[in-house]
Amino acid sequence: MPKKMGVNTKAEAARERRSAAEADRRDRDARGKEEAYWQAAEGPKSRSARRREEDAEKRAEAAARRAENRRLAELEQQQLAAAARRPDRKAARVGGPVVPKVTEAELLRRREEERIRLEREAEAAKKRQARTAEKEEYERVVLVANTNRDDSIIEARSVEDAIVKMSIAAEPALPPDRHPERRLKVSYKAFEEAELAKLKEEKPGLTLHQYKDMIWKLWKKSPDNPLNQVQP
């Protein structure tokens, strides 16, 4: 009987390697022929054309990344807003107050609004203090007694009192005046109307009584006052 021969594993492995190498070579040749075919069909490309294509691809990739980043940022903002509106279930279970979550942007906005409100209140308080100071100054000017009085001026507390004193002072030098009170009242009325308009423009905010006090003091020294026109 012939002797049974065993399988040579090394030779078998060598044949398999040669077969695989041959198949790989044929595959490379096929790919090379295919690429050569497409290059011939498209025509030769310059280096600048290839660079433009690469730049266009990079710009497209960058735009896609920016769009994706914007989408993720918007999604995160929506999730934060939803979380702020959603009540805290743990606090509700323990019976505590339900406090909505507040984002950092919301906190910054509230702080800015509070700062603006405080500044406005401080400005309003400063204006009120300024108006009060001006009013007090006006009142001080009105109420301070005039210590530099002229002795030649006839003093009177009212128009009627001034009429009596004018009549007494005018008797030696002036002819009898049958109605001195009419002339004095008319003169004072005209003087009061003119001075009242001036004082309201120069010193706004006073009461009518204060204006009249100031007008009376001006009237006592005014050359329009008939009492000041009496010759000694």
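The values are calculated or read from the model by the stated rules, or taken from the named source; none is laboratory data. Values in this document were obtained by computation on a predicted structure and should not be read as measured data.
Some notes on this structure:
- Residue match in the stretch 89-102 (condition: modelled with pLDDT of 75 or more and not hydroxyl-bearing (Ser, Thr, Tyr)): no
- When ALA64, ALA82 are checked against the criterion of being of a type in the set (Gly, Ala, Ser) and modelled with pLDDT of 85 or more, a single residue qualifies: ALA64.
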